[in-house]
Amino acid sequence: MEKSYSPLEKDKILRDAFAKLKVRGVSSPWSTHSQPFTALHDECQRLMNDETFRQALYDYVRVHSALPRAVQMLFTCISMAARAQWQDVPDEIKPIVARGWFLGRWLPTFLIIDGPIGRFISADDSPLKPRFGSDWPIITAARDFLSERTFRLVRNGFAHWGFDWEVVGDNSYIVAYDWERDLPVARLHQSEADAYHIVAFSLVEVLNDIFLSSKRRNHDDI
């Protein structure tokens, strides 16, 4: 059975992920918050209490009905990847199975950010677009995180299947490539790549819980 995490545990997981990305220059009201998961969740909930926003959200999801479906498929992929018990395989294949465990979680997360979730946050018809600014600092910082240079390079590398896994001694690195120029554009330690995944997945989780879940939207009677 998969482990369920409490909001406090999710805060710590996200806080630790942001700490690993500090060296990359990631700093914002969201990344420095003592309870980053809870803060994002609460701010999105406050936004959902706005009737004008709820109507705009309803209109958006009605036109883009594939969005909540895509999120459910993401959760399915992540759930299946998380079930891989790479620690239990023979030692001679353990490294490659472990890589598969990480890549199986990272790939769908970066793909959905490159696709429907990225559009939901940044497209001109997004109900969120008019709300970004100082009145909503956490969700605005989350949007800005997706535009952070290294995150974009890694996201694009995975989205265009231009990435590699390098092992140097006891350390593993992800290298993202620019497919058109055939050049490496970003190199991250495995722990940094996982931190980017954790932040992005946390964002999707909150967006789904507050904005996209059919149970939540029906309950709020948009």
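Put in order of Cβ neighbour count within 10 Å, fewest first, the listed residues 191, 65, 126, 4 become 4, 65, 191, 126. With distances taken between every two different alpha-carbon atoms, the chain has a Kirkwood hydrodynamic radius of 18.4 Å.
Express in nm, to one decimal, how much length is gained between residue 22 and residue 171 on full extension, taking 0.36 nm for each residue of separation and deducting their alpha carbon distance.
Separation in residues times 0.36 nm, less the Cα-Cα distance, equals 51.7 nm.
Note on segment 7-219: lysine pairs with Cα distance below 29 Å, sequence gap of 8 or more or different chains, count 14.
Bear in mind that the values in this text are calculations on the coordinates, not laboratory data. These numbers come from a predicted model, not from an experiment. With ideal geometry, Cβ positions are generated from the backbone for all residues, glycine too; neighbour counts draw on all protein chains shown.
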